[in-house]
Amino acid sequence: MKKIIIIFSIIVVILLILAVVIFAIPMPYTATEEYTEKEPYADTEYYYEKEPYTVQEPYTEQMPYTVDECETEIPTGIADAVGGVIDWITGNEPFQDCNEVTRYQTVTKYRTATKYKDVQKSREVTKYRDVIKTRSVTKYAALYRQWTGKVKWYYKV
């Protein structure tokens, strides 16, 4: 009987140790932790900018100029009046009567003008986006909690 009590006592002590280990002592386990991190990336940004350029623009202008308008009379000889009196003798030289007249001419000229046009340009910029990452972490819980699923193996931070 004494032998049975010793064996029974040993079994009870072993069961007590196992119960303490299973229910009370935290044991390490590996869990996966999910977290969000800002990650930089390069992006192309498009924008418009006014860019100057030169152009030759035609325009018209009225330019005045003067012209001498002359009437030329060439006498045919000696002219006399009805009564035989000689009015004038020219010697067959031309006789001119000139007037100065202003006229206008349309002239096309060119001038240099600066104009602006919208030009699409681009530049590289650094932007940030949220990236979901995971890492393994070591947690501690009693074996009973691990076996029954009362611990989280995967969680978000």
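The values are calculated or read from the model by the stated rules, or taken from the named source; none is laboratory data. Note that the structure is predicted; figures quoted are calculated from it, not measured. Positions of Cβ are generated from backbone atoms using ideal geometry, with glycine treated the same way; all protein chains shown enter the neighbour counts.
Taking Arg111 and the conditions (1) modelled with pLDDT under 75; (2) assigned to a strand (DSSP E or B), which numbered condition does it fall short on, given that it satisfies the others?
(1)
For segment 123-141, state whether one or more residues are over 30 Å from Pro40 (Cβ atoms), loosely packed, with under 10 Cβ neighbours inside 10 Å, charged (D, E, K, R) and modelled with pLDDT of 85 or more.
Among the residues of segment 123-141, not one is over 30 Å from Pro40 (Cβ atoms), loosely packed, with under 10 Cβ neighbours inside 10 Å, charged (D, E, K, R) and modelled with pLDDT of 85 or more, which makes the answer no.
Out of segment 24-66, which residues are within 30 Å of Ile132 (Cβ to Cβ), of a type in the set (A, V, I, L, M) and out of contact with any helix residue (DSSP H, G or I) (no Cβ under 7 Å at 6 or more places or on another chain)?
Quick first cut of segment 24-66, residues within 30 Å of Ile132 (Cβ to Cβ) only: 26-46.
Remaining after also requiring of a type in the set (A, V, I, L, M): 27, 31, 42.
Result: Ala31, Ala42.
Is there any pair linking a residue in segment 89-108 that is at pLDDT 85 or above to one that is among the acidic types (Asp, Glu), with Cβ under 7 Å and at least six apart or on different chains, and which?
Within 7 Å, the pairs are Glu100/Asp68; Val101/Glu69; Val107/Glu61.
Being among the charged types (D, E, K, R) and loosely packed, with under 10 Cβ neighbours inside 10 Å is the filter; apply it to segment 1-55 and report the residue that is farthest from Leu143 (Cα to Cα). Walk me through it before giving the result.
Going residue by residue through segment 1-55, those that are among the charged types (D, E, K, R) are 2-3, 33-34, 37-39, 43, 45, 49-51.
Remaining after also requiring loosely packed, with under 10 Cβ neighbours inside 10 Å: 2-3, 38, 50.
Working: Lys2: 34, Lys3: 33, Lys38: 36, Lys50: 71 Å.
Residue satisfying both the conditions and the ranking: Lys50.
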